[in-house]
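The structure appears below as structure tokens.
The values are calculated or read from the model by the stated rules, or taken from the named source; none is laboratory data. Here the structure is a predicted model, which means the values were calculated and not measured. Here the Cβ positions follow ideal geometry from the backbone for every residue, glycine too, while neighbour counts run over all protein chains shown. For the accessible areas, the whole protein counts, side chains as well, though only heavy atoms, and no ligand, DNA or RNA atoms are used. Shrake-Rupley method; radii C 1.70, N 1.55, O 1.52, S 1.80 Å.
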Amino acid sequence: MENLLEKIEDASKFILAKSNFIPEVCIILGSGLAELVNQLKVQATIDYKDIPHFPVSTVIGHPGKLILGELSGKKVAVMQGRFHFYEGYTMQEVAFPTRVMKACGAQTLIVTNAAGGLNPAIRVGELMVINDHINLQPMNPLLGKNHESLGPRFPDQHAIYDKVLIEKAKSIAAKNNIVCHEGVYVGVPGPTFETPAEYKYMRLIGGDAVGMSTVPEVIVGNHGGMKIFGISVITDEGNPVTPQKISHQEVVAAAREAEPRMSLIIRELVGVL
Ligand code: HPA
């Protein structure tokens with residue numbers, strides 16, 4: 001991306017002019033998880049296609065809107081739909097909106113996704129708070145010239161996912177009788193789902209769930225010094241003992257079924273940030 005700093009400025013100025021408020025929190029909603037926006041007191045809805053330099057999402061289940069509003073008394077910017085490497089974007093493009101959200105003022109990044117379970121204790125429809133990730137995606141979004149104003153050349157990643165937020169989310173889940181695990185998210189490029197041998201490998205290297213998103217936004221959010229919380233909805237089980245066929249439709253359907261539980265956790269978590 002040529003002139004990254006100028007592009008971030010163009011996009012963030014455009015968004016701030018539309019809303020007249022500074023978002024404190026950015027929430028990125030994954031496949032089938034877009035309903036949280038119905039709980040916002042909406043100030044402005046912006047189509048991605050109108051935001052300067054924003055990519056446009058092409059995947060079913062990803063509406064492609066930025067919604068600014070209030071959730072649990074906090075000012076939030078919700079990305080209803082995200083960009084994926086498998087759509088053909090560069091990693092810099094995938095992570096560009098996160099840069100823009102930071103430039104708009106958001107200090108906290110909440111990322112959600114649909115993921116396949118690797119840990120046999122985690123079942124379809126359950127949630128998993130992300131406590132770390134393994135990046136198996138190609139092309140780190142920080143490749144290329146580093147702008148010190150955005151973050152350091154070699155960012156530390158020893159504690160990307162905020163431990164306090166993890167504990168808060170788990171206690172919100174427990175209080176509401178929602179099954180919520182904690183574990184490691186393996187980021188893969190997709191668009192193929194994994195073979196049984198790949199699921200087995202990802203479990204062996206320490207993964208609890210696998211998905212095709214999240215890691216680039218989180219790398220960039222961490223680079224920019226944002227406080228990060230990530231949560232996965234488990235939509236299928238890559239349990240190597242009983243390999244099962246999966247489709248994107250099933251992933252989206254399972255995510256939609258679990259969405260109210262995830263939204264409840266996020267809504268309450270935002271209230272206690
Ligand atoms: N693998 C990769 N990505 C996914 C999966 C999966 O099993 N489920 C939802 N996203």
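Need the list of lysines near Lys200 for cross-linking: C-alpha distance under 17 angstrom, and skip anything on the same chain fewer than eight residues off.
List returned: Lys245.
Which order do you get for Leu204, Leu142 if you rank them by accessible area with a 1.4 Å probe, largest at the top?
Correct descending sequence by accessible area is Leu204, Leu142.
Tell me the relative contact order for segment 4-271 as a rounded percent, counting alpha carbon contacts under 8 Å between residues six or more apart.
RCO, segment 4-271: 26 percent.
Let me see the P(r) profile for segment 4-271: every Cα-Cα distance counted, bins of 10 Å, each bin given as a percent of all pairs.
Once binned at 10 Å, the Cα pair distances of segment 4-271 give 7, 33, 38, 19, 3, 0.
With an 8 Å Cα cut-off and a minimum separation of 6 or more residues, compute the relative contact order for segment 106-254 in percent.
47 percent
Using θ = phi - 60° and the Karplus relation 6.51 cos²θ - 1.76 cosθ + 1.60, list the HN-Hα couplings for segment 13-27 in order, rounded to whole Hz, with x at every Gly or Pro.
Here the 3J(HN,Hα) series is 4, 4, 5, 5, 5, 6, 10, 6, 9, 9, x, 8, 10, 10, 10 Hz.
Kindly express, to the nearest 10 degrees and within the range 0 to 90, the angle between helix 248-271's C-alpha long axis and the longest C-alpha principal axis of the chain.
60 degrees
Which order do peptides 153-163, 112-122 fall in by mean Cβ count within 10 Å, highest first?
Put in order of decreasing packing, that is 112-122, 153-163.
Among Leu264, Leu71, what's the order by accessible area (1.4 angstrom probe), most exposed first?
If we order Leu264, Leu71 from most to least accessible, we get Leu264, Leu71.
Please list, ordered by chain and number, the residues whose modelled amide H lies under 5 Å from the amide H of Val78; skip anything fewer than 5 residues away on the same chain.
Here the answer is Ile27, Ile67, Leu68, Gly69, since their amide H atoms fall under 5 Å of that of Val78.
In degrees between 0 and 90, to the nearest 10, how far off the longest principal axis of the chain does helix 163-175 point, with axes built from Cα atoms?
60 degrees
Using θ = phi - 60° and the Karplus relation 6.51 cos²θ - 1.76 cosθ + 1.60, list the HN-Hα couplings for segment 143-158 in order, rounded to whole Hz, with x at every Gly or Pro.
4, x, 4, 9, 9, 4, 5, 8, x, x, 4, 10, x, 5, 9, 6
Sorted from largest down, what three extents in whole angstroms do the Cα atoms of segment 222-273 have along their principal axes?
Its Cα atoms span 39, 27, 19 Å along the three principal axes.
In whole angstrom, how far apart do the alpha carbon centroids of segment 149-194 and segment 27-48 sit?
Between the Cα centre of segment 149-194 and that of segment 27-48, the gap is 20 Å.
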